[in-house]
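The structure appears right after this line, and notes come after that.
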Amino acid sequence: MSKHMLTSRERIIETLEARPGELCDDCLSRIADVKPRQQVNIICRDLKQRGRLRRERAICPECKRQKILNTLIGLNNKPQPDEIEKVSEVRENEAQYHVSYRSAAESLDSIRRQLIVIMNQLDSPHNQRLGTAAREGFSDRLTRLADSGIIPTNIMISMRMLNAMRNAAVYRECLIDDKDEELIDLAFQIVLGWWNKRRIENERLA
Ligand SMILES: [Zn+2]
């Protein structure tokens, strides 16, 4: 249900990002729920043209058939272990976070990785052990955490917006203007403000 709040393109990106490896058009159509299958083909070809996706013949890990498989080419910066330290050091008033990044896409990708670190810390060890978190896309996981009351609705909205902006910047090469940047900045401040307050409260209770 929640995935229909996303565009077909976002569902494809989130599905491919959530799983290790690659998928054929048929499996992608079914798992991302993007129909008809031709729509998947059009979006994947477009992503390929933008240099954001590889299409190569191999055995699909899902249907085990020899097919053309789609693999995303992201910004190629997986979460670093020290990023986990970084998030816990982030303070509410650090508005300068984006200055040192080379581009809006990298900046947004970094924000998204920090949001994932936050979700990792919020998610129960039970879900992480079961691998639920690993199989879900960013949006489905966010919805689950909001539905279970762990993330407040307004924070969920800011996080969703940041993730949508990041997907657009990374995979669509959309340009971020000054106003967008203000919005991104503010949304990230809202999330960090909540996160820091929550941490301080938890420390006091501990
Ligand atoms: Zn397949």
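The values are calculated or read from the model by the stated rules, or taken from the named source; none is laboratory data. What you see is a predicted model, and the numbers here were worked out from it, not measured in a lab. Ideal geometry is used to build each Cβ from the backbone, glycine not excepted, and the neighbour counts take in all protein chains shown.
Among the candidates L47, L16, single out the residue that is at pLDDT below 95, surrounded by 20 or more Cβ atoms within 10 Å (Cβ to Cβ) and within 13 Å of the ligand (Cβ to nearest atom).
Numbers: L47 fails: within 13 Å of the ligand (Cβ to nearest atom).
Within the list L47, L16, the selection yields L16.
Can you list the helices (runs of 4 or more DSSP H) found entirely within region 116-206 that contain at least 2 residues being of a type in the set (S, T, N, Q)?
Numbers: elements: 125-130, 132-135, 138-147, 153-171, 178-205.
Helices (runs of 4 or more DSSP H) meeting the threshold: 125-130, 138-147, 153-171, 178-205.
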**Request:** Would you mind stating whether A32 is modelled with pLDDT of 90 or more, touching a Ser or Thr at 6+ places or on another chain (Cβ under 8 Å) and within 16 Å of the ligand (Cβ to nearest atom)?
**Result:** yes
**Message:** Let me spell it out: the conditions are (1) closer than 18 Å to Y171 by Cα; (2) in a helix (DSSP H, G or I); (3) touching a Pro at 6+ places or on another chain (Cβ under 9 Å), and K48 meets all of them except one. Which number is the exception?
**Reply:** (3)
**Message:** I'd like to know if region 185-198 contains one or more residues that are exposed (fewer than 12 other Cβ atoms within 10 Å of the Cβ) and farther than 21 Å from L108 by Cα.
**Reply:** yes
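Can you tell me which residues in region 50-71 are closer than 23 Å to D140 by Cβ and within 12 Å of the ligand (Cβ to nearest atom)? Spell out the reasoning first.
Step one: of region 50-71, the residues closer than 23 Å to D140 by Cβ are 52-53, 60-63, 69-71.
The answer is C60, P61, E62, C63, L69, N70.
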**Fill in**
Scanning region 28-60 residue by residue, the ones that are over 21 Å from D109 (Cβ atoms) and touching a residue at least 40 places away in the same chain (Cβ under 8 Å) total 1
